[in-house]
Structures are given as C-alpha cells and as structure tokens.
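**Student:** My structure is below; once you've seen it, I'll send some questions.
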Amino acid sequence: MPSMATKDGTRFNSNHPQFKPKVINGDQKRQKIEKQRRSLPIASVEKRLVEEVRKNDTLIIVGETGSGKTTQLPQYLYNGGFCHNGGIIGITQPRRVAAVTVAKRVAEECGVELGQKVGYSIRFEDKTSMSTKIKYMTDGLLLREALLDPCLSRYSVIVVDEAHERTVQTDVLLGLLKAVQKNRSQISNGSSNIHDHVKKSNNVKEEHNEVRKSNPFKLIIMSASLDARGFSEYFGGAKAVHVLGRQFPVDILYTAQPETDCLDAALVTIFQIHLEEGPGDILVFLSGQEEIESIEGLVRENLKKLPETNQKLLIFPLFSSLPSEKQLKVFTPAPVGFRKVILATNIAETSVTIPGVKYVIDPGLVKVRSYCPDTGIESLIVVKTSKAQALQRSGRAGREGPGKCYRLYPESRFEGLADSTVPEIKRCNLSNVILQLSALGVDDIIGFDFMEKPDRMAVIRSLELLYLLGALTDEKKLSDPIGHQMARLPLEPNDSKALILASQFDCLEEMLIVVSMLSVESIFYVPRDKLEESRTVIKSFSSPEGDHVTLVNVYRASIEYLEKNRTENGNEKAEKNLRKWCKDNFINSRSLKHARDIYSQIRENVERMGLKISSCGDDMLQLRRCLAASYFLNAALKQPDGTYRVLANGQIAEIHPTSVIRRAKPEAGPSMLCLERQLELIQMLKLMTGRRLGINNPGAHIIGFFIFLSKEQESAQIGGAYDPLKLYVEHVIMNKRLVFSLF
C-alpha cells in the first residue's frame, strides 16, 4: 500500500481531518529553517553572488530549479548592505500566487511579520509598509509604479524573476528597466540628460526627480531556464552566472504510441502511479481550470471503486484564479499513509515549488493567449509545450530526491518541439501595454526598445482602439483628461472608459459594481446535482436587461443583507451569515468577497481622480448607454436565423447558454447587442466563447455571453457548452494501462 514519509511540521492548515501538524516551538522552527537554507545549492555561492552584484550594474543569473534563488538572493542582498541608503530590493514575479507565497516564506525565514521588513504587492492587494525593504510584486505592479516614479528612485535593486516566461508585462518591463538604468547612471554621474523613452511625470515629487549618487541601481535578470546569451546581448553584454540547482536524477518516460486523449491518459497514469509506485506525491500539468475540475471529479469518482486501503489519495487543484487559501493547501504535507495528487496549470512549472512531489505527469500541452489583429479577437488556445517548458516540468520531480516524469507522448514528438515559447508580446492584444507606455512618455511605440518587436499590425489595431476610445490624440499622445484618467486605472482600456463615462452620466456606483464583478471568477455556483434548484434561485436575481444588471442585483442584495446583519450581530457574525446566504443562493462567496475588495480599491482610485460617484437607482438606461459607448467595436446585429454577426469583423455569434437572455424565447432576443470581451477558444469543438456582454442602444437588452461558431459550424448551428465529463466518465480506469518507455 502506498504510504507517505513522515514530515516534521507544517506551514499551512488543511480542512482534511487527517491533517494534524506536529507542534514545534519557535527555536526548533528557526533551527529547522536555518538548516534548510544552508542546504540549498545557492548557499555555497552567497558571497560570490553578492560580489558579482556589486561589480555589475546588470547581472543575469541562471539558477536551476531547486537552487533557492527566488527566496535567498534578496536576503543575501539585504544582508550585503544594498538597503543601507534607504533603497528597496524589489522582486517581480509574472504571477500573483508566486509573489504572495514566496513573500510569506521569506518573511517566515527572516522571522518577521509579513508586511514589515518583507512584503508583497499585487493587483488590488498591498501587504507592505514604510519599513518594507524586500518587496515581492507582479510585473504589472512595478509598471504602474513607474507611472508615478519613472526613475523608480525608491529601489536600489530590481530582480526580474522567471524572465524566461517572457510575458508581455515582463518584456515591457525589461525595456523600461533598461532605460531607467541608463537614466539613473546619468543622474548619479551628474548628467541631466534623460533617456528619450522615459519622460518624467508632472505628478512626481521633486525628490523623485533626483536620484542620489549614493543610491545606485542594480538590475538582476533571473530564471531557471533562460537564453542567457540573448538577454546578455540585449543588456549590452551583461555578465551571466550559473547556479546549480536540482541535485537528484529524474527518469523521463515516454509513451510508446501517441495518445489521442490526453485527459484520459493523464487519468489512467495517476492511478497507475498510485497503485504501483512507491511513496511520493504526484504533480499533473493540465492546460486549464476546466480540465483540472474535470479530472478532479473523475479521480474522486474512480477512487471510490478501489479497495479502502488504496483510497488514501488527496486531490488538490492549483490554478491562478483559485482562492489563495485553497492555493496554499497544496503546500501542506500529506499525512502518513496518504499521497497527494496536485492538478495544476503551468503555474507550477517555475512560479511555485511544491514539496513532496516525486512524480510528474506531463501531457505536453499548455494554454496560451493568442490575438488575431484582423478580427480583433483575443483567444486562449491549447498548444504544445516547448522543450524548455518540458524540462521545467520534469525538474519538479527531482527537488527532494530521485523522481520520475511521465510524458504522455513519444520521444520523437519531444525532439520536434520548439526550443522555447513564443513571447507573449507577439501573440496578444497590446492596447493596455500601449496605454501604459504612452503614460510613461513613450510616443514611438514601434521604435520602443523591445527585446523582440511585437507584430506591427497588432500595434496598429491597438492604437486604433485607443484612438477610438478617446485615449490618444492624433499625435499618438495621451489625451487630456480621458487618456490620462484611463492610464491611472489598473484596468483594461474598455473598463476604464466605462467608469469615466459612468461618472459623467450619474451611474458610476453601478459601473463600479459591474467592473468589480467582472474582475472575478464566476459569481454563481451551479452544482450538477442541483441544476434545477439553482436555476430557480438564481432567477430571483435575474434581470430581463441582461447579465450586467443581474450582477448589480446580486451585489446590492449581498450588501443589503450584510449591512442589516452587521447592525444586529456585529461584523464577524455578519460575514459568517453572508457566507451561508451565498451558499443558499448558489453564489460563490469567495468570488463575491473578492469583488467587494476590488470595488473598494477601484472606488478609492476614482475618488482620488476626482470622478463624481453617484447612483442611477433602478433606472439602468444610462448604465447601458455607457456600456455601449465603451464596447462599441463589439456591436453585433441579429441575423434571420437567430445568431448575431459582429459588425466590426463579420464573426458569427450566439448568446451563451448561461446568459439570462438565453433562457428567454429566441424571438424575444434583442435586435442588436454589444460584447464586453471575447476570450476563449475551446479547441476540441472549435467554439469561441466570450464573457459577458453589453448593449447596443438605449432600448436594447444587455446580453451576457456569446458563443462564436467556426466556419464549419455556422451552417450546422452547433451550440451549447462543452462538457469534458461526458467524454471520460464512461471509462473504467482500473482496467486500462499506458505503456511507457524509459529513455
């Protein structure tokens, strides 16, 4: 029977009854942490790394998986005196979960309260203080800081971690940091010249306009898998150092034949490992939340068919939109006799390290953003991983001992993979990026010093959108005040414009609710076993004017219930009662709580900007007009067959099945409507699904969702949502096996 080796202590709680962490006192905990730190490979080169940072303004560090670079290097630099002049050591991460979890770990290692010496800052959440010296943050957060302080004068060191992922925010940040470093060097040397790409903001305080000689700027580019030569050339021949990491061998196993059904193959392999291999947790890489939730349900269902002694398998999902308290559960060691299986997106490749993993299952697929400038549609598509990603995934199995990686494809396919992933800047909508760069004074977007130039047509389309939204002038500069206001809001350009318009038409209160509710995962939770009951309850919130107004109704009802309970029972009891209210009304309480937090922060932003906050009450006409004015490029006209054709690109669409309008009679549907945004390509059915929609004109409805049909499906009129469970639920997992070859 598989068993799990005993682990001393735990850092996180779990709801599972078997989790009973061993209690240890403070001295033992500190000794244990210190021992772990000394055992990391990077500890042996601490002095050398600090010296290299002193000697080089720009340093590239290639640290293998498990080297400890993300948690230890900032502490080495702090102890080395890089904060003595009041500067901050900033470490950027491409994902929020990484910034949060790493900051918590470093604070624990330093023996300080999170938010004091060590803190983090992510979108809509700031856990820092005036005393913070080691600050973890997302790439986007540092970009927004540059709007207020173009020279980033608060920072003495910036570490760009996970640079190999080449997100669009990372690429823009690299270009800005390159300019900032040149500016800081000129100022330190007494020069008053300012780099052409970064112009000082009028809002920056005088002390930010002059960076002291005694506060030099160090830039560190860091990753576990990096084209050091390319980064070195981009930064003018910067020095690169290599830190050894993974200490244990990993056996790579390939399937003998190609697997046509990767989800089914992953499911079979999970049970194959659980029943036949020794102790150790399993990490499964899947392309998205939908696949994770499907596999999770199937594992639980098939686990019940095993003998009771073999049912000691704990399942933990991990994806970016999962609430943080659930994300942290994956770090909890499994109790004795149990094995964990972690179902994760590529967030687990490099951003976080999960202890206990000995087996990795890699289907060889990843979901990436893709943008078509011709149609203006941004999609999430499933593609093959690169060799660099495959190596990162296999490395997760060798962190604590020898491990195995099961690749669900033949070795010949691995040899044909691309060496690295296509940078996101070459395959995404650039509207928000251009808006941010314009706010920083970058007028020549095409000529900006990107490490790799984006598609010219994508830049042109994004400039067109910003121009039509009124954010840019004919000279491609930020308009005053609309453009400057949009740039100050941490939102997509369409959302920012909607808020600004709403302030003029006395419905900003409702638009704040709409934008906040759209910024979180689905508000409604519909269990499969209570489908009809949930629909009946949700119908009480539904508005014939569409999903946006429905979201406003939900938010208002929750706030009214909460305020009434606070008066009667106090805040703590009221929050508890609200969670029960959410459960009874099939509302995701965590999503609602997140929406409330986002609402508060965006409201603070618009108040600082001086926007007028007022309510339109129950008359949603002005709200619908503002939505239409913000998403006019996505207007769609109803066709005789009941579908809709998007006017800007001719794309055929249908109202999504989950929309409140979808359940109305087809002939009652609006003659025209307007999408809010278009998101995801479901590859198997070739369906483009959109998110929530707006309206087209004062008299029309606000619609909720579109389904975009492929050319082959336009005539067939295929609709409905894709349900992966239907494809796999009939498989008898225990009677199937995959044949792997060891290479």
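The values are calculated or read from the model by the stated rules, or taken from the named source; none is laboratory data. Just so you know, these numbers come straight off a predicted model, no measurement behind them. A quick note on method: Cβ atoms are made from the backbone with ideal geometry, for glycine too, and the neighbour counts reach across all protein chains shown.
**Student:** Go through the residues of region 560-579 one by one and say whether even a single one is out of contact with any helix residue (DSSP H, G or I) (no Cβ under 8 Å at 6 or more places or on another chain) and under 17 Å from Met517 (Cβ atoms).
**Tutor:** Yes, because at least one residue in region 560-579 is out of contact with any helix residue (DSSP H, G or I) (no Cβ under 8 Å at 6 or more places or on another chain) and under 17 Å from Met517 (Cβ atoms).
**Student:** With the requirement that a residue be surrounded by fewer than 22 Cβ atoms within 10 Å (Cβ to Cβ) and within 17 Å of Leu592 (Cα to Cα), what does region 516-533 give you?
**Tutor:** Selection gives Leu518, Ser519, Val520, Glu521, Ser522, Phe524, Tyr525, Val526.
**Student:** Looking at (1) out of contact with any Phe, Trp or Tyr (no Cβ under 8 Å at 6 or more places or on another chain); (2) buried (at least 19 other Cβ atoms within 10 Å of the Cβ), which one does Leu512 not meet, given that it meets all the others?
**Tutor:** (1)
**Student:** Further question on the same structure: If Leu328 meets every condition in (1) surrounded by fewer than 22 Cβ atoms within 10 Å (Cβ to Cβ); (2) modelled with pLDDT of 85 or more; (3) aliphatic (A, V, I, L, M) apart from one, which number is that one?
**Tutor:** (2)
**Student:** Condition check: part of a loop (DSSP other than H, G, I, E, B), modelled with pLDDT under 55, out of contact with any strand residue (DSSP E or B) (no Cβ under 6 Å at 6 or more places or on another chain) and surrounded by fewer than 17 Cβ atoms within 10 Å (Cβ to Cβ). Does Ala664 satisfy that?
**Tutor:** Against the criterion (part of a loop (DSSP other than H, G, I, E, B), modelled with pLDDT under 55, out of contact with any strand residue (DSSP E or B) (no Cβ under 6 Å at 6 or more places or on another chain) and surrounded by fewer than 17 Cβ atoms within 10 Å (Cβ to Cβ)), Ala664 qualifies.
**Student:** Looking only at region 74-98, which residues are part of a loop (DSSP other than H, G, I, E, B) and within 17 Å of the chain's Cα centre (by Cα)?
**Tutor:** Correct list: Pro94, Arg95.
**Student:** Further question on the same structure: Consider Ile295 against the criteria (1) closer than 29 Å to Arg96 by Cβ; (2) without any contact (Cβ under 8 Å) to a residue 60 or more places away in the chain; (3) surrounded by fewer than 22 Cβ atoms within 10 Å (Cβ to Cβ): it satisfies all of them except one. Which criterion is unmet?
**Tutor:** The single condition Ile295 does not satisfy is (3).
**Student:** Of (1) in contact with a helix residue (DSSP H, G or I) (Cβ under 9 Å, 6 or more places away or on another chain); (2) part of a loop (DSSP other than H, G, I, E, B); (3) at pLDDT 85 or above; (4) surrounded by fewer than 14 Cβ atoms within 10 Å (Cβ to Cβ), Asp618 satisfies all except one. Which?
**Tutor:** If we test Asp618 against (1) in contact with a helix residue (DSSP H, G or I) (Cβ under 9 Å, 6 or more places away or on another chain); (2) part of a loop (DSSP other than H, G, I, E, B); (3) at pLDDT 85 or above; (4) surrounded by fewer than 14 Cβ atoms within 10 Å (Cβ to Cβ), just (1) comes out false.
**Student:** Oh, and also: Given (1) at pLDDT below 85; (2) under 18 Å from the mean Cα position of the chain (by Cα); (3) crowded, with 21+ Cβ neighbours inside 10 Å; (4) hydrophobic (A, V, I, L, M, F, W, C), where does Ile425 come up short, assuming only one miss?
**Tutor:** The single condition Ile425 does not satisfy is (1).
**Student:** Going by what's in this entry, would Lys35 be described as assigned to a helix (DSSP H, G or I), touching a Gly at 6+ places or on another chain (Cβ under 8 Å) and not assigned by TED's automatic domain parsing to the domain that holds Ser156?
**Tutor:** no
**Student:** Every residue in region 38-88 that is aromatic (Phe, Trp, Tyr) and in contact with a Gly (Cβ under 8 Å, 6 or more places away or on another chain), please.
**Tutor:** If the condition is that a residue be aromatic (Phe, Trp, Tyr) and in contact with a Gly (Cβ under 8 Å, 6 or more places away or on another chain), then no residue fits.
**Student:** What is the one condition in (1) among the β-branched types (Val, Ile, Thr); (2) part of a helix (DSSP H, G or I); (3) modelled with pLDDT under 90 that Ile513 does not satisfy?
**Tutor:** (3)
**Student:** Now for a different question. Let me spell it out: the conditions are (1) in a loop (DSSP other than H, G, I, E, B); (2) under 30 Å from Ala471 (Cβ atoms), and Phe541 meets all of them except one. Which number is the exception?
**Tutor:** Tallying (1) in a loop (DSSP other than H, G, I, E, B); (2) under 30 Å from Ala471 (Cβ atoms), Phe541 fails exactly one: (2).
**Student:** Also, quick follow-up: Return the total of residues in region 63-76 being crowded, with 23+ Cβ neighbours inside 10 Å and closer than 20 Å to Ala228 by Cα.
**Tutor:** 5
**Student:** Still on this model: Can you tell me which of (1) out of contact with any Gly (no Cβ under 6 Å at 6 or more places or on another chain); (2) at pLDDT below 90; (3) surrounded by 15 or more Cβ atoms within 10 Å (Cβ to Cβ) is the one Gly447 doesn't meet?
**Tutor:** The single condition Gly447 does not satisfy is (3).
**Student:** Continuing with this model, one more query. Condition test on Ala487, is it more than 15 Å from Val168 (Cβ to Cβ), of a type outside the set (Phe, Trp, Tyr) and assigned to a helix (DSSP H, G or I)?
**Tutor:** Judged against the criteria, Ala487 is a match.
**Student:** For region 157-172, which positions are aliphatic (A, V, I, L, M) and either assigned to a strand (DSSP E or B) or at pLDDT below 85 (or both)?
**Tutor:** The answer is Val157, Ile158, Val159, Val160.
**Student:** Then there is this: Return the residues of region 516-536 that are in a helix (DSSP H, G or I) and modelled with pLDDT under 90; say none if nothing qualifies.
**Tutor:** Leu518, Arg528, Asp529, Lys530, Leu531, Glu532, Glu533, Ser534, Arg535, Thr536
**Student:** Please specify each residue of region 141-152 satisfying the condition of being surrounded by fewer than 22 Cβ atoms within 10 Å (Cβ to Cβ) and not hydrophobic (A, V, I, L, M, F, W, C).
**Tutor:** Arg144, Glu145, Asp149
**Student:** Continuing with the same structure: Here is a check on your reading of the model: is Asp444 acidic (Asp, Glu), more than 18 Å from the chain's Cα centre (by Cα) and over 29 Å from Asp149 (Cβ atoms)?
**Tutor:** Here the answer is no, as Asp444 does not meet what is asked.
**Student:** For region 245-343, list the strands (runs of 3 or more DSSP E) that sit wholly inside it and hold at least 3 residues that are assigned by TED's automatic domain parsing to the domain that holds Ala595 and within 20 Å of the chain's Cα centre (by Cα); which are they?
**Tutor:** none
**Student:** Determine if region 426-442 includes at least one residue that is closer than 22 Å to Thr473 by Cβ and in contact with a His (Cβ under 6 Å, 6 or more places away or on another chain).
**Tutor:** The answer is yes, given that some residue of region 426-442 is closer than 22 Å to Thr473 by Cβ and in contact with a His (Cβ under 6 Å, 6 or more places away or on another chain).
**Student:** Taking only region 453-490 into account, find how many residues are out of contact with any Phe, Trp or Tyr (no Cβ under 7 Å at 6 or more places or on another chain), under 20 Å from Pro423 (Cα atoms) and not β-branched (Val, Ile, Thr).
**Tutor:** 7
**Student:** If I ask for residues that are among the polar types (S, T, N, Q) and surrounded by 18 or more Cβ atoms within 10 Å (Cβ to Cβ), which ones from region 554-577 would you list?
**Tutor:** Ser558, Asn565
**Student:** Looking only at residues that are aromatic (Phe, Trp, Tyr) and in contact with a strand residue (DSSP E or B) (Cβ under 6 Å, 6 or more places away or on another chain) in region 621-652, which one is nearest to Val549 (Cα to Cα)?
**Tutor:** This residue is Tyr631.
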